[in-house]
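The values are calculated or read from the model by the stated rules, or taken from the named source; none is laboratory data. Computed from a prediction, not measured in an experiment: that's the story for all the values here. Here the Cβ positions follow ideal geometry from the backbone for every residue, glycine too, while neighbour counts run over all protein chains shown.
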């Protein structure tokens, strides 16, 4: 298992070192400010369940009364509808940039109370609100639930996946569009997904080479400003041209990622090691207790006694010390560690010690 991990890391190191810097489309490394999705949320009632609803949850009761009141039906005071066939749910959706009224959205439905399953349910029309509290879409439709829950008479249960959540493909309808604000802003701003000063400078240089002049400027590790004439049509054409330009991204910073729970270690190809010698071994202490019973002679006044008999054994695994030369690469690191037969847990300990000793110039991330 560990040798397979080492082989995989060696393959990754070969790819990383041979393709340390390669051309990427600008659209793949960031986005223009304003062109982002917006999260929508809502509260609703799912009806038509086969006795797997919320029973007497107050939220469901109020929701059902609200649904009934939309159609002029007023329930008598003190009368609560039976809710075994209904459930209170939260609705979530994502409004993409440039979405226009009438377009359809996929919505996700999740049970809010103690409903056992939403399978076979129908969401009653419910509004979806943005962060500003305004309604941007309406949702309604039949749920597609991939989970299944079954209860038997003797109390046994069987659950497959998650029966209390589902989706309605195309179940939302956009009612209001969001103004991206890019058409009349003083400048276009492009934000990198991963901030890097070198990449930011290269993006600005690539835009200037392609469009001419000095219209693009890198103002920090994340943002590039671009001078552009106002107007949605002209700016849309300019943005389309910019996002398809290719740029050589900067090498990733040296980083070692360790998952302490699973023992998984991922080292990128930029990691280098200063001169250092490493040894790693294990000591096992084993204590065996073999008490002996001492019986007195017949008809004597002696008493039965227990005589303790302990055996202590110490085993220390001998592993040779290995030396890493200046600037050792990922391939050399994993080769040396593999030579002493270190397990993934041992590798984690060695990497942490290298970092503490100042011999590994890399960011150590422990998950």
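Going through segment 221-247 one residue at a time, which ones are touching a helix residue (DSSP H, G or I) at 6+ places or on another chain (Cβ under 7 Å) and surrounded by fewer than 16 Cβ atoms within 10 Å (Cβ to Cβ)?
Result: 221, 244.
Residue by residue, here is whether (1) touching a strand residue (DSSP E or B) at 6+ places or on another chain (Cβ under 9 Å); (2) within 30 Å of residue 353 (Cβ to Cβ) holds:
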{"residue": "208", "(1), (2)": "yes, no"}
{"residue": "211", "(1), (2)": "yes, no"}
{"residue": "217", "(1), (2)": "yes, no"}
{"residue": "228", "(1), (2)": "yes, no"}
{"residue": "236", "(1), (2)": "no, no"}
{"residue": "239", "(1), (2)": "yes, no"}
{"residue": "243", "(1), (2)": "yes, no"}
{"residue": "259", "(1), (2)": "yes, yes"}
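Are there any strands (runs of 3 or more DSSP E) wholly within segment 41-160 with 1 or more residues that are at pLDDT below 85 and under 27 Å from the mean Cα position of the chain (by Cα), and if so which? Before you say what the answer is, go through the steps one by one.
Working: elements: 86-95, 104-111, 122-129, 135-142, 148-151, 157-160.
Hits in segment 41-160: 148-151, 157-160.
Checking residue 196 against (1) in contact with a strand residue (DSSP E or B) (Cβ under 6 Å, 6 or more places away or on another chain); (2) under 19 Å from residue 29 (Cβ atoms): exactly one of these is not met. Which one?
If we test residue 196 against (1) in contact with a strand residue (DSSP E or B) (Cβ under 6 Å, 6 or more places away or on another chain); (2) under 19 Å from residue 29 (Cβ atoms), just (1) comes out false.
Return the total of residues in segment 30-40 being assigned to a loop (DSSP other than H, G, I, E, B) and at pLDDT 85 or above.
So in segment 30-40, the residues assigned to a loop (DSSP other than H, G, I, E, B) come out as 33-37.
Keeping just the survivors that are at pLDDT 85 or above gives 33, 37.
Qualifying residue count for the region: 2.
Of all residues in segment 161-198, count the ones that are in a strand (DSSP E or B) and surrounded by fewer than 13 Cβ atoms within 10 Å (Cβ to Cβ).
Going residue by residue through segment 161-198, those that are in a strand (DSSP E or B) are 165-174, 188-192.
Those left that are additionally surrounded by fewer than 13 Cβ atoms within 10 Å (Cβ to Cβ): 169-170.
Result for segment 161-198: 2.
Please report, ordered by residue number, the strands (runs of 3 or more DSSP E) entirely within segment 208-261 with at least 3 residues that are closer than 30 Å to residue 365 by Cβ and at pLDDT below 85. Don't jump to the end; show me each part of the working.
Numbers: elements: 216-218, 223-226, 246-248, 255-259.
Fully inside segment 208-261 and qualifying: 255-259.
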